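The values are calculated or read from the model by the stated rules, or taken from the named source; none is laboratory data. Values in this document were obtained by computation on a predicted structure and should not be read as measured data. Here Cβ is always computed from backbone atoms with ideal geometry, including for glycine, and neighbour counts include all displayed protein chains. What goes into the accessible areas is simple: the full protein's heavy atoms, side chains included, and nothing from ligands, DNA or RNA. Shrake-Rupley method; radii C 1.70, N 1.55, O 1.52, S 1.80 Å.
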Amino acid sequence: MHSWGSSIFSSILNGKYKIKYSPLIIRVSISFAILFSFYSILKAYTINAYGWDLGLYSQAFYSTLHGHLFYTNLIGKSYLAEHFSPFVFLILPLFYLYPSPYTLLVIQSVFLSIAAIPLYYISLHVFSGPGILEKLKNPEFYAFIIAIAFLLSPLTESPVYFDFHIMVFLPFFYFMAIYFYIKKKFILNIIFLALIASLHSSFIFIVIMTIVMELLISIRQDNPDKQESRKWKLFSITGIIILLAYYIFTGFIKADLSHSSSVSVFVTGESGSASRSIEGLFYTLIYNPLKFFSFIASNYEIKILFLVLAFMAVDFTIIEYPIALLPALPYLAYSMISSYIPYYFIGYQYSMMFIPFIFVAGVFSIGKLVGSKPGKKRKRFHKLNNSRNIFIAISAFAIASFIVVSPISPLSVEPTSIHNIYNDSHGAMEMQNKFVYSIVKDINMNSTLVTGNSLYPLFYKDINAAAFPYMNISMNSHYQYLIANFNDSQTYLVDGNNISLSDLAVHYMNSGNYGIFAEGYGIIVLEYKYTGNPVLTGPYSVNYKAEAFNITGNTLCGPIPDRGVPQFQELEFQGMDIYKGNSTFLLPGNYTNSITFNKTTAAAFTGSNITVYSNYGKNPIANITGQNETISGDTITFSLHISHIYSGVLYKIYNVQSGYSIYQMSVCR
């Protein structure tokens, strides 16, 4: 059996066992598009879309269909005034056919997946070149490996964890541009480079670097065509001039759409950068180098990990063809001189500005390695007679990384992977989802409301809707409705005015001007001047395990935020910019709480005194003594009547008997 299997594998490598890889990569790409779409839609449906981009884009497209040019209340102006992206006009007809956030998620999944098809043909062209075909013998198979490795890469699948973003179209357009370049289809190359520039005004720097790369490759050919070289030089100079003029022009367009007299050009990243402008970066480098390099050194472990994950996807072969990395320079300047973790973290869209260039550089490098003459001495990662080891390493890393971190892998360790999201669509979470969607039906979409990022996509049709934590909302802001999911860690994140959605909910409740319109499953809806009974209610229950509690002497305290959260998950949450620990809360209602103990003694349990605090132990809410407790075996049960909203709730349990330790605590309403 082993001999038979080895024979088949050897036949595939040598091209004797023919498989039609072209239709196979199309089928695989379609399969990934379906899986990515399923995951993305399920993630949004279960209220796990933690970024605000899905709601922002959905509202921008919807408002355009109703006469407001890509307006979104999240930035208070047209989306085009923030990121000039003419490409959104091409998406608009598809959104018109089925106006829904899910439409955007499907479009994104399709384009991300089919990017593997032009990458396959780029690889096939390179691996079929002179001096390479004779050694690889089956270039279709190796091109297939590269395309699959791209689909399985953590950096490729990174935006699938996110919501929706226009950057995800970059790999497909880039691969198409490179394919038509190597096929010498001049006009089609220009068209796809123009499409890249249409995604984001700052992408013109990627296009400029791509043009420079193409020019250098053409010049460095063994037998360059002089007429073609002149054509590429003329194209390069003309293209760069046009692109820079276009970039400056977009600055004026954005200023006009913003109704601003200030024109911003040549800006870099807005978050965590040493400077927002390119000239500012150079100024900082020259006059304050310590500050400049402090930004490079910030989060260096995460940056190194991100780069290693990228380079391992092509087995570090990129060193053989560094010219192909030129288009990646704008991203590296954008991200590595920043302290903003999402720029170089799995789970965001920013990897789209890096990973396609890595794979193209890897393909060109492998072609150069394999096609080199055996007698030529040079430093390299792999010996010429072991070129297949490169593909073995690429395949092994792709499969392993997919299993461990892919959003669609059932064995993924990521907190928001498919099995966790799928669990959120069943049981108690399913009831929560139904509760939320029932609320949406009862709220007027023309009213003013404020909510969190994860709930915002449900209200994208409301042009007056606002969201925490990235809009600067103050305590003086008044909305008809406030919808808060207290299970969501972003509910506790503060905005630019140093208040959170939780803080605003407490303020509204204490003001006496708001009534409870609906409440259940940790979600509360407050309505201005509402005095009736809640139109919708639901239960709430949660269990806390022993590891969520601290013990000092004979006093227990918990649940402690951050306690019991694995370090890996803490890093994940920091990267997603939502980490707040396992924040606890109590919403208005009657609660029945129970604490169960483990015992290592024969002595009967006599009970303990309990104090309930809010604001992480700063403000007492209630004191529970023996006469307010019910003891049954090793369990204390007590009741709480809550008439306000409290967050950061802690329970201090005093005088715990020797030989007793907490097993779990249940909070039910």
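Of note:
- Among 455-462, 657-664, the order from most to least packed when residues are scored by Cβ within 10 Å on average: 455-462, 657-664
- Net charge of neighbours whose Cβ lies under 10 Å from the Cβ of N446, counting Lys and Arg as +1 and Asp and Glu as -1: 0
- Added length on full extension, which subtracts the Cα-Cα distance from 0.36 nm per residue, I551 to Y663: 39.1 nm
- Per-residue extension of 0.36 nm, minus the Cα-Cα distance of S229 and L285, leaves a gain of 16.5 nm for this segment.
- On the basis of the beta-carbon distance and an R0 of 35 Å, T635 and H426 show a calculated FRET efficiency of 0.80.
- Working ranking of peptides 119-129, 625-635, 134-144 by packing, defined as the average number of other Cβ atoms within 10 Å per residue, highest first, is 119-129, 134-144, 625-635.
- Ordering of 353-366, 593-606, 26-39 by packing [mean C-beta count within 10 Å, highest first]: 353-366, 26-39, 593-606
- Close amide H partners of Q480, meaning residues 5 or more places away or on another chain with modelled amide H under 5 Å apart, are T448, L449.
- Cα gyration tensor, the range 96-233 - rounded (a/c under 1.5), prolate or oblate: oblate
- Among [x] 3, 13, 22, 23, 17, 12, 7, 3, 1, 0; [y] 2, 12, 18, 19, 17, 13, 10, 5, 2, 1, 0; [z] 3, 13, 19, 18, 14, 10, 8, 7, 5, 2, 1, 0, the entry derived from the coordinates for P(r) over Cα pairs in 10 Å bins from 0, in percent: [x]
- Which listed pairs, of K77/K434; K185/K233; K183/K254, have C-alpha distances above 26 Å, in listed order: K77/K434; K183/K254
- As a calculated quantity, the FRET efficiency between I403 and I19 at R0 = 22 Å, using C-beta atoms, amounts to about 0.40.
- Of the accessible area of the chain, computed with a 1.4 Å probe over protein heavy atoms only, carbon and sulfur atoms account for 60 percent.
- FRET efficiency for N598 and H419, using Cβ-Cβ distance with R0 set to 41 Å, rounded to 0.05: 0.85
- Contact order relative to length of the chain, as percent, for alpha carbon pairs under 8 angstrom and 6 or more apart: 12
- Length-normalised contact order of the range 57-97 in % [C-alpha pairs under 8 Å, at least 6 apart]: 28
- Label zone of F252 (point 7 Å out along Cα→Cβ, amide N under 19 Å): in the range 55-82 this covers 80-82.
- The range 93-247, relative contact order in percent, only Cα pairs under 8 angstrom and at least six apart counted: 19
- Farthest toward the positive end of the dipole of the chain, out of S502, L105, Y460, is the Cα of L105, where the dipole comes from beta carbon charges about the Cα centre.
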